[in-house]
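Student: Okay, here's the structure, questions in a sec.
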Amino acid sequence: MILKKNEILIGIETSCDETSVSLMINGKIIDEITTSSMDKQFVYGGVVPEIATRYHQSNIHKIFKSLLDNNNINISEITNIVYTANPGLPGCLHVGSCFAKTLSNLIGAKLIPINHLYGHLFSPYINSDIEPNFPLLGLVISGGHTVIYLAKSYRDIEILNTTQDDAVGEVYDKVARALGMGYPGGPKIDKIFNISKANINFLKNNFQVDKQFSFSGIKTSVLNYINIAKQKNNHLDIETISSSFQKIIIDEVIRKVNYYAKLHNVATISVGGGVAANNYLRSEIKKNACKRIDISKLKYTGDQASMIVWYGSKLI
Ligand code: KG4
Ligand code: ZN
């Protein structure tokens, strides 16, 4: 990628409940504003698409204006607009794409639509000194997706494995909801994780390393365990249940990542997406001593526009 001097790029991300805009100048992320409707979704235990869509619609133009004002940028100076085209909640994507297209038509900036999962895939490299070491194996693990990629370049990206049913983050959220821990569940389960309590075997032996990811079995097993305990008025040992669940699901993800890394003989593994914030995942995946492990900084694990504009800048 050779960006011209004073090239000013704007990133726009609205795939789920975060409304986010980011500013890149000369290949560096300069600023980002991200706001979320999460607190409005809390009572429902998950994202309500209509609430998220309306939130984007009421906020995107305001945060865009603040981003420009805070950085003394005139709208006419913008050269490129990178936005999330897919995947995501349809209404939410629609708000972001309409905003991006209208802006581009108005000021004549080049429009770059991208797959937001590729943003997660390359998020470890945002404003970093290290470059991707192609070919690399990429784990994207979030509330909506669990995918292992083989990336030979920024454009040549192959899916090696993707979940047949639930995504890992989705299962975290459902287990946490059943345990009355609130939404989003991942950070809450992560916080109370205690490996010495991880001793319930929730279908652990059902996983096969060379098969597609499938997490509906472990989800049902944990939810049944909780429901039976509730019906019998048994004490719910939240720490034991959630620690056992976390250890099994993360171990399964890491086992598959290591399997594909060996199969494709890659030297580097990149990790991004909301669940990449998980402390147990971050420490366990680094134990693969043969590989370079590039994990997103915590501020770039969730959905934000910096990863969108950063990846888009590689396609110019
Ligand atoms: O990438 P993201 O912000 O949105 C999607 O594109 O889905 O990911 C959100 C997901 C939620 O399911 C949330 O529970 C999970 O990431 N998550 C975590 C942690 N932090 C967020 N899961 C496990 N451990 C965490 N520390
Ligand atoms: Zn995402």
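Student: Amide H of Tyr154: which non-local residues (sequence gap of 5 or more, or other chain) have their own amide H closer than 5 Å, using H built in the peptide plane?
Tutor: none
Student: Write down the percent of antiparallel bridges among all DSSP beta bridges whose residues are both part of the chain, to the nearest 5.
Tutor: 55 percent
Student: May I ask for the Rg/Rh ratio of segment 193-307, computed from Cα atoms with Rh as the Kirkwood radius, given to two decimals?
Tutor: Here Rg/Rh amounts to 1.02.
Student: Per 5 Å bin, what percent of the C-alpha pairs of segment 44-182 does each bin hold, from zero upward?
Tutor: Cα pair-distance distribution for segment 44-182, in percent: 2, 8, 13, 16, 17, 17, 14, 9, 3, 1, 0.
Student: Sort out for me the Cα centre separation of segment 1-78 from segment 172-206, rounded to whole Å.
Tutor: Cα centroid to Cα centroid, the span is 31 Å.
Student: Karplus couplings for segment 240-255 from phi (6.51 cos²θ - 1.76 cosθ + 1.60, θ = phi - 60°), rounded to Hz, Gly and Pro as x?
Tutor: Working through the residues one at a time gives 5, 5, 6, 5, 5, 4, 4, 5, 5, 6, 6, 4, 5, 4, 5, 4 Hz.
Student: Read phi for every residue in segment 153-158 and hand back ³J(HN,Hα) as whole Hz from Karplus 6.51 cos²θ - 1.76 cosθ + 1.60, θ = phi - 60°, with x for Gly and Pro.
Tutor: 7, 5, 9, 9, 10, 10
Student: Search the structure for amide H atoms under 5 Å from the amide H of Ile29, placed 1.01 Å from N in the peptide plane, and list their residues when 5 or more places away or on another chain.
Tutor: Placed amide hydrogens put Asn127 under 5 Å from Ile29.
Student: Find how many whole Å separate the alpha carbon centroid of segment 108-159 from the alpha carbon centroid of segment 282-298.
Tutor: Using only Cα atoms to place each centre, the spacing works out to 16 Å.
Student: Let me ask you something else. Would you mind classifying the chain by shape? Square roots of the alpha carbon gyration tensor eigenvalues, ordered a ≥ b ≥ c; an a/c under 1.5 is rounded, otherwise it is prolate if a/b is larger than b/c and oblate if not.
Tutor: oblate
Student: Could you tell me which trypsin sites (Lys or Arg not before Pro) in segment 110-155 are loop residues by DSSP with no more than 10 other beta carbons within 10 angstrom of their beta carbon?
Tutor: Arg155
No value in this document is a laboratory result; all are computed from the given coordinates. These numbers come from a predicted model, not from an experiment. We place every Cβ from the backbone using ideal geometry, glycine too, and count neighbours over all the protein chains shown.
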